[in-house]
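Colleague: A single structure is presented below for examination.
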Amino acid sequence: MKKRSGMLVGASSKSASGKDFAGLDAAAGPFTVRRSYEKKLPKSWAASVAGIDVGKRASVWSCKPDLEELSDKALDKRLRGFVQSIPDSHVAFLTCWHEPDAKIRGGKFALEEYLPAFRRFCKIVKSVGKPRVYTAQIVEAWSGQHPKKGSTYAELWPGDGYVDVYVVDGYSNTGSGKKLWGPAVKFAASKDIPWGIAELGCVQKIDTSWMRTQAAYAAETPAGGAHDRCAFLCWFSNSVGGVVATPGTDPAARATAKKISKKYYTAPGSFRL
């Protein structure tokens, strides 16, 4: 199998709509992917918070539709139309209910509610057949480091064939390099699919050495599939959850992120999973 080496580097920003993303991109980019979040399922890609990415960068997008409606196929038509509206040239990684492990531990919903809904989401997305749209499962690095019955990687897995890329969120308070990402990389490798990082950030204070170490590990570490490294890396430039916005407005963090963006620059138009 011929290996692919592209790694998209980007971020989320404080504004859900992305109105502040251009400024962050100028200061810490050039970013080739943007992480965005949405509650309800929009009518079209253009109407979604990720609509601003088209023609500029790839998208890592998640939503939180009603799980029962998803499972009962009540959202099939809307979801199918939404995916069909994504331009064929656009690279997008889609998921619903990112970090389901945390939601299950917190009592938001049960594993038995999540799995059929997530399977349905992936099945509909893949059935549309968009050439550059991929399904993703996004979990916490913490859950791989500290497995808890009912929310382990293995229990959350929907079954082979549903997920194109295994994605993980990780922060500086739980480690670095292999200690932080190793369990997720190992799990992705066991399913023969590539891995990605959807949230990456510092917790107590900005640590530019830690930032560089995570980027290097991502660029040097393959999982499964055709990729010889992490498929994408997105900084969490937000303080939601009590973390430090990374790179946020910190000059040293922005300069570090910019160097990383330039070093691993991959044009979105050339990216293939």
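The values are calculated or read from the model by the stated rules, or taken from the named source; none is laboratory data. Everything quoted here is computed from the prediction, not taken from an experiment. Here the Cβ is made from the backbone with ideal geometry for all residues, glycine too, and neighbour counts use every protein chain on show.
Colleague: When both residues are 6+ apart or on different chains and their Cβ atoms are under 8 Å apart, which pairs have a first residue that lies in region 69-83 and is at positive phi, and a second that is of a type in the set (D, E, K, R)?
Modeller: Listed by first residue and then by second, the contacts come to 73/120.
Colleague: Also, I was wondering about something else. Can you tell which of 189, 198 is within 25 Å of residue 10 (Cβ to Cβ), of a type in the set (Gly, Ala, Ser) and touching a strand residue (DSSP E or B) at 6+ places or on another chain (Cβ under 6 Å)?
Modeller: Being within 25 Å of residue 10 (Cβ to Cβ), of a type in the set (Gly, Ala, Ser) and touching a strand residue (DSSP E or B) at 6+ places or on another chain (Cβ under 6 Å) holds for just one of 189, 198, which is 198.
Colleague: Being free of Cβ contacts under 8 Å to residues at least 40 places away in the same chain and either among the acidic types (Asp, Glu) or over 20 Å from residue 235 (Cα atoms) (or both) is the filter here, so list the residues in region 1-42 that pass it.
Modeller: 20, 25, 38, 39, 40
Colleague: Being closer than 15 Å to residue 133 by Cα, surrounded by 15 or more Cβ atoms within 10 Å (Cβ to Cβ) and among the charged types (D, E, K, R) is the requirement here; does residue 57 meet it?
Modeller: When the stated conditions are applied, residue 57 passes them.
Colleague: Ok, one more. Six or more apart or on different chains, Cβ atoms under 8 Å: show the pairs whose first residue is in region 131-148 and within 20 Å of residue 64 (Cα to Cα) and whose second is at pLDDT below 95.
Modeller: 134/273
Colleague: Quick one: which helices (runs of 4 or more DSSP H) sit completely within region 130-215 and have at least 2 residues that are surrounded by 22 or more Cβ atoms within 10 Å (Cβ to Cβ)?
Modeller: 141-145, 177-190
Colleague: If you go through region 218-256, how many residues are within 16 Å of the chain's Cα centre (by Cα), crowded, with 24+ Cβ neighbours inside 10 Å and not small (Gly, Ala, Ser)?
Modeller: 7
Colleague: Let me ask something else. May I ask you to list the residues in region 68-117 that are touching a Lys or Arg at 6+ places or on another chain (Cβ under 8 Å), under 16 Å from residue 162 (Cβ atoms) and of a type in the set (A, V, I, L, M)?
Modeller: Passing the criteria: 70, 83.
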